[in-house]
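Read the structure below first, then the notes.
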Amino acid sequence: MSLSPLEPMLEFDRTEHPVRDALLTEPIEHVGGFVTVPSGPGLGIDVDRQAITRFKTD
């Protein structure tokens, strides 16, 4: 235990990535140095199933 603990940190890729951006129905936003943790069940995200179909390969 530290006398001056660090706040939790998150590595967050902010580069443009059309596939990643299309997969979530509501993207995870980075605003002012903070990321709001999704509040839904499980990971808190909803996957766009139509996007999965569009990007699927055989």
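The values are calculated or read from the model by the stated rules, or taken from the named source; none is laboratory data. Since the structure is predicted, the reported quantities are computational estimates derived from the model, not experimental observations. Note that we place each Cβ from the backbone using ideal geometry, even for glycine, and neighbour counts take in every protein chain shown.
If you go through the stretch 28-44 and pick out every residue that is within 20 Å of Met9 (Cβ to Cβ) and under 13 Å from the mean Cα position of the chain (by Cα), you end up with 11. Within the stretch 39-51, being assigned to a loop (DSSP other than H, G, I, E, B) and of a type in the set (D, E, K, R) holds for Asp46, Asp48.
Flag: Glu26 does not match the condition of being among the acidic types (Asp, Glu) and either surrounded by 12 or more Cβ atoms within 10 Å (Cβ to Cβ) or without any contact (Cβ under 8 Å) to a residue 12 or more places away in the chain (or both). Of all the criteria given as (1) part of a loop (DSSP other than H, G, I, E, B); (2) among the basic types (Lys, Arg); (3) over 13 Å from the mean Cα position of the chain (by Cα), the one not satisfied by Arg54 is (1). Would you check if Val47 is at pLDDT below 85 and under 16 Å from the mean Cα position of the chain (by Cα)? In short, no. Can you report the number of residues in the stretch 2-38 which are part of a loop (DSSP other than H, G, I, E, B), among the small types (Gly, Ala, Ser) and modelled with pLDDT of 85 or more? Qualifying residue count, the stretch 2-38: 1.
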